[in-house]
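The values are calculated or read from the model by the stated rules, or taken from the named source; none is laboratory data. In this text, all values refer to a predicted model and were calculated from it rather than measured experimentally. Positions of Cβ are generated from backbone atoms using ideal geometry, with glycine treated the same way; all protein chains shown enter the neighbour counts. The protein model used for the area step is the full one, side chains on, heavy atoms only, and it has no ligands, DNA or RNA in it. Shrake-Rupley method; radii C 1.70, N 1.55, O 1.52, S 1.80 Å.
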Number of protein chains: 2
Amino acid sequence: MTSYSPGETAEKSGFSIDTLRYYEKIGLLSGIARDTAGRRVFTDSDIAWLEMLRCLRETGMPIAEMLRFSELTRGGTETYTARLELLRAHDRRVEDEIARLREQQRHIQFKIDRYADLLNTEKSCLSPRAANTT
Amino acid sequence: MTSYSPGETAEKSGFSIDTLRYYEKIGLLSGIARDTAGRRVFTDSDIAWLEMLRCLRETGMPIAEMLRFSELTRGGTETYTARLELLRAHDRRVEDEIARLREQQRHIQFKIDRYADLLNTEKSCLSPRAANTT
DNA sequence: GCTTGACCTGGAGTGTGCTCCAGGTCGCAC
DNA sequence: GTGCGACCTGGAGCACACTCCAGGTCAAGC
């Protein structure tokens, strides 16, 4: 099992070293090994867990809920159902968020079209003979 | 031209009265009329502008950029190109954000499937004869 | 054995976007 | 003319998720 220094882990995971420390402090990372000098030693499975965290984080899950998920993950088989439900609820929220963004994007694109039209009209006024070339 | 009290405006726009005051203070709303008692009086075009702000806000545009957009809007025809560019850039960011969410959502759904499989396997162990009924 | 650089700790500070509060004003209903 | 509720102001406070800092430790290279 390969092991990684804090610096390597930061680079691989995309979290800063400070964020890694912060995540350990609040309990999102647990059981991180130390070397004789007290420095953190990350494993492949730590990296995998960090990727999971990154995925949840980037889809807008609040830290508090990620904490709940990592507590469940520390539990055994009997927490599978709860974990599944948590992820499914989050998946639905992501779906809703995407739909909301799409909807708002339509409004923005409508505005964009309006401005494009206004600019066109303006151009036509400046050079009237271009008005028919629509 | 219909006019609206702060309370009505809050309800119609979805922003709280405090947020409306805050937006006026920082310059996102300008030229809001007052009645004789000094109370704000909003018009239909204020409401329309608030809808635009809501749209930009909910698609993740930072306040600083919304400020820039409202300054452009206060300018005349000669800012159309700049406004168009700003909106187009934002539209692209929204597009990217949606793509990013979709991509991360795939990872989450992969995890969901894994947990669902694990639960199935577990069930099969408890009642072995169900193992073939895949 | 000394320097260097990566890391350690606890705790304070930061940026963003609101949200709340104290103390006051106004207009209307009773 | 008193009470009430909606609103006003300036400014403080808050939630979130980090990010930075001071002061210190350790291992490796020269």
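In nanometers and ordered shortest first, the copy-to-copy spacing of the residue B:18 label point, defined 7 Å from Cα toward Cβ, is 2.8.
Computed about its Cα centre, the charge dipole of chain A is approximately 360 debye, with only Lys, Arg, Asp and Glu carrying charge at their Cβ. Any chance you could tell me what percent of the C-alpha pair distances in chain A go past 20 Å? Beyond 20 Å sits 62 percent of the P(r) for chain A.
If you run the Gaussian network model on chain A, springs between alpha carbon atoms under 10 Å, then out of A:117, A:46, A:18 the most flexible one is A:117. Within the listed set B:111, B:25, B:12, the residue fluctuating most in the Gaussian network model of chain B (springs between alpha-carbon atoms under 10 angstrom) is B:111. Exposure check, 1.4 Å probe, all protein chains in place: residue A:71 carries approximately 110 Å² of accessible surface. For the residues of B:105-115, the average number of beta carbons from a partner chain within 10 Å of their own beta carbon is 6.
Of the residues A:73, A:79, the one with the largest accessible area comes first in the ranking A:73, A:79, computed with a 1.4 Å probe on protein heavy atoms. Can you tell which of A:56, A:84, A:118 shows the greatest fluctuation in a Gaussian network model of chain A with Cα springs below 10 Å? Sorting by GNM fluctuation, first place goes to A:118. In a simple Cβ point-charge model (Lys, Arg +1; Asp, Glu -1; nothing else charged), segment B:1-74 has a dipole of about 200 debye relative to its Cα centre. Taking the empirical scaling 2.2 N^0.38 Å for compact globular proteins as reference, the protein assembly as shown has a Cα radius of gyration ratio of 1.42.
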